[in-house]
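The values are calculated or read from the model by the stated rules, or taken from the named source; none is laboratory data. Just so it is clear, the structure is predicted and the values come from calculations on it, not from any experiment. In this analysis, Cβ positions are derived from the backbone assuming ideal geometry, glycine residues included, and neighbour counts consider all displayed protein chains.
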Amino acid sequence: MTQYKKSIIYICKVWSISTDLKSLNYLPLLLPLSSSFIGLSTKTKRFTLLRSPLGNKAAKDQFERREYRSYFTITFRSPTKILAFIDILRYLNGVKFKVVLEKIY
């Protein structure tokens, strides 16, 4: 009686958000060639603050904050490679990640 070893494929889906575009642009350089990388839309938040809260109400400062987002998927056959990849992602400064892992038999 022969037993067939089932090959398990792990799919790692990663969403990333950063306010620094340079640090987010380094991500495709760290990814293996088999991955698919998609740049998503940019969220822009604008807000206005009064310069002096007591006197002049016409003096205002306007600020803008941009969040750059991206999405990529990677397929691996061993879970140790996924853990090593997630460990590498931790060292990118100013980038937040959400990782979803799926198993396919």
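Please go through region 27-52 and pick out each residue that is exposed (fewer than 12 other Cβ atoms within 10 Å of the Cβ) and either touching a helix residue (DSSP H, G or I) at 6+ places or on another chain (Cβ under 7 Å) or modelled with pLDDT under 80 (or both).
Answer for region 27-52, where residues must be exposed (fewer than 12 other Cβ atoms within 10 Å of the Cβ) and either touching a helix residue (DSSP H, G or I) at 6+ places or on another chain (Cβ under 7 Å) or modelled with pLDDT under 80 (or both): LEU29, PRO32, LEU33, SER34, SER36.
Would you pick out the residues in region 80-105 that are closer than 16 Å to PRO32 by Cα and surrounded by fewer than 13 Cβ atoms within 10 Å (Cβ to Cβ)?
Filtering region 80-105 for residues closer than 16 Å to PRO32 by Cα gives 80-89.
Once the filter is applied, which keeps residues that are closer than 16 Å to PRO32 by Cα and surrounded by fewer than 13 Cβ atoms within 10 Å (Cβ to Cβ), region 80-105 yields THR80, LEU83, ALA84, ASP87, ILE88.
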